[in-house]
Amino acid sequence: MTAVIVLVAVISFGLGRLSKIREEKTPITIENVKENAETSESNFPSSSKIFVASRNGKKYYYAWCESANVIKEQNRVWFSTQAEAEKAGYQPAANCKGLK
């Protein structure tokens, strides 16, 4: 019986501390976000652009391929479709699974 009382006391204390911790947290808000002047809209993909190539290269990749992560931001060229990338003169990369 004593063990039950001690257990209930410990649990009650823990719940009390937990509710106090949650009250003290304040939400984070982001205000006045300014775009960096050095970046241009063409360097960043819209949600529909999933293929990327380097301005200096001849291959295109899915944006999530390891090789795509090596391309510097300022050299990235984005495409919505494989046909669009091939029309621009790029070929599918052999080391990026799913491209052919």
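Could you look through segment 49-64, keep only residues that are among the hydrophobic types (A, V, I, L, M, F, W, C) and not in a loop (DSSP other than H, G, I, E, B), and pick out the one that is surrounded by the most Cβ atoms within 10 Å (Cβ to Cβ)? Spell out the reasoning first.
Going residue by residue through segment 49-64, those that are among the hydrophobic types (A, V, I, L, M, F, W, C) are 50-53, 63-64.
If we keep only those that are not in a loop (DSSP other than H, G, I, E, B) too, we end up with 51-53.
Details: F51: 25, V52: 23, A53: 23.
Checking each candidate, the answer is F51.
Which of (1) surrounded by 14 or more Cβ atoms within 10 Å (Cβ to Cβ); (2) outside any helix (DSSP H, G or I); (3) at pLDDT below 90; (4) not aliphatic (A, V, I, L, M) does S67 not meet, given it meets every other one?
Against the list (1) surrounded by 14 or more Cβ atoms within 10 Å (Cβ to Cβ); (2) outside any helix (DSSP H, G or I); (3) at pLDDT below 90; (4) not aliphatic (A, V, I, L, M), S67 comes up short only on (2).
Do you know which residues across segment 70-100 are surrounded by 13 or more Cβ atoms within 10 Å (Cβ to Cβ) and in a helix (DSSP H, G or I)?
Step one: filter segment 70-100 for residues surrounded by 13 or more Cβ atoms within 10 Å (Cβ to Cβ), giving 71, 75-80, 82, 84-86, 90-93, 96, 99.
Selection gives N75, Q82, E84, A85, E86.
May I ask you to say which residue of P45, P27 is part of a loop (DSSP other than H, G, I, E, B), at pLDDT below 70 and touching a strand residue (DSSP E or B) at 6+ places or on another chain (Cβ under 6 Å)? So that I can check it myself, show each step before the final result.
Working: P27 fails: touching a strand residue (DSSP E or B) at 6+ places or on another chain (Cβ under 6 Å).
Every option except P45 fails the conditions.
The values are calculated or read from the model by the stated rules, or taken from the named source; none is laboratory data. Fair warning: this is a prediction, and the values are worked out from it, not measured in the lab. Note: ideal-geometry Cβ built from the backbone for every residue, glycine included; neighbour counts use all protein chains shown.
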